[in-house]
Amino acid sequence: MNQPTNMQPAERLAVTFAGGTPDRVPVMPKIWVNVAASLTDTPLREVIENPLTAMKVIVDAALATGVDGARLFLFPPRKTREEDGRLYEADADGRMIGEIDLQGGLATRLERREDFRLDDPYCVAFHTSWTHSEPLVADLADVKRIAVPDKCFYEQSGHGHCLRQMQEAVGERLGLSGDCDSATLAFCVSLRGMEQALFDLIDAPRLVHALMDKGTAYAIERGKFNIDHGLRTLRLNDSVANMSVISPMQWRDFVFPHMKEVCDELHRYCPNVKIYCHVCGNVLPVVELLIEAGLDCIAPLDPLGGFTVADVRRAVGDTIVLMGGVNTLSFSNCTPDEVRQEAVRCMEEGDRNGRFILGSGCALPHDAKRENIEALVDAAAEFSGR
């Protein structure tokens, strides 16, 4: 490699996503709001209440640790009330509608299912922020009621302002990826529950495809919103659709056609946009299908799925961009030197004169050590100096 280290982080990531050769391997672990709040000493309640704060803590954590990129997630503003050490969401009238899961995904566990309205684009836009003990979608009639927000909704809700604030704040100091959320199985899980969504693959395939049609439209509109605001790297998510959970045949039959529709439409809308999908767990049996679906990058190469970066590189060849690879548990359980060694091994297996982005195999754990995140940047610099 031995190239001068003179690229700004945003350029470094853009060049790599485009298949070019950067000055060094870029670094982009998945920093979510929980670990970002911890790294920036921001009260989690402030993150939950303010969508701009939710974006800002991620950006601030990325800048503080020296990584090259961050993912921008869209959250709704939520009013909260604390009682007996627990945090609850309150509606506009001050009525508490459910307890917020501070140990998990920060979703509100709704006490009444009717507080989630399928015909309200606002609820659908931020559906992962609320759960209920019963499925939020009961049948095909409910699917038809789902009101998919169009791209203009996010500007009207104030999220365009939040995004512009972050872009102006970071300039070229950080590459930013827009979030399309999930179009496929994770979308079904959020509205049907994990167990029922998996049974549906066998018992209710029409319902699954109908839900994924809605999810596809939802992800496309989110993607167009991000593209209209200048973002040229987009993240899809389906952390459920891996071979640790479903079969390759189910992936091909259910996930593939809808993921391909999202990629095809967003590439038509903006030919130079780059799309990756966060699928943790085992993806080795479907890596060729991921490429056929139109993804520009395979991520996050989760070693807990039982494969290595080298396994994926052998399967897809040298022309596809790969991202991730470092065991997410290493950020909590290992020393910085151990993380550096693991990171160098990932780069040795995945880098092909570019086409590799160093990152975590899944979201960084909430107790990830700052020095272990910084160790990724050290490893990338060490690797480029060889």
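The values are calculated or read from the model by the stated rules, or taken from the named source; none is laboratory data. From a predicted model like this one, the values you see are computed outputs, not experimental measurements. Please note: Cβ atoms are built from the backbone with ideal geometry, for glycine as well, and neighbour counts cover all protein chains shown.
Structure summary
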{"item": "Checking VAL148 against (1) surrounded by fewer than 23 Cβ atoms within 10 Å (Cβ to Cβ); (2) of a type outside the set (D, E, K, R); (3) farther than 17 Å from PRO121 by Cβ, the condition it does not meet", "result": "(3)"}
{"item": "Residues satisfying the stated conditions in the stretch 96-133, i.e. surrounded by fewer than 13 Cβ atoms within 10 Å (Cβ to Cβ) and at pLDDT 95 or above", "result": "ARG112, GLU114, ASP119, SER133"}
{"item": "Selection within the stretch 78-94 - loosely packed, with under 13 Cβ neighbours inside 10 Å and under 12 Å from ASP115 (Cβ atoms)", "result": "ASP91, ALA92, ASP93"}
{"item": "Index of the failed condition, ILE291 passing every other in (1) assigned to a helix (DSSP H, G or I); (2) out of contact with any strand residue (DSSP E or B) (no Cβ under 9 Å at 6 or more places or on another chain); (3) surrounded by fewer than 24 Cβ atoms within 10 Å (Cβ to Cβ)", "result": "(2)"}
{"item": "Boolean, ARG45 is within 27 Å of GLU382 (Cβ to Cβ) and of a type in the set (Lys, Arg)", "result": "no"}
{"item": "Qualifying positions in the stretch 352-380 - in a loop (DSSP other than H, G, I, E, B) and under 22 Å from the mean Cα position of the chain (by Cα)", "result": "ARG355, GLY361, CYS362, LEU364, PRO365, HIS366, ASP367, ALA368, LYS369"}
{"item": "Members of the stretch 194-224 that are over 26 Å from PHE153 (Cα atoms) and either within 16 Å of the chain's Cα centre (by Cα) or free of Cβ contacts under 8 Å to residues at least 60 places away in the same chain (or both)", "result": "MET194, GLU195, ALA197, LEU198, PHE199, ASP200, LEU201, ILE202, ASP203, ALA204, PRO205"}
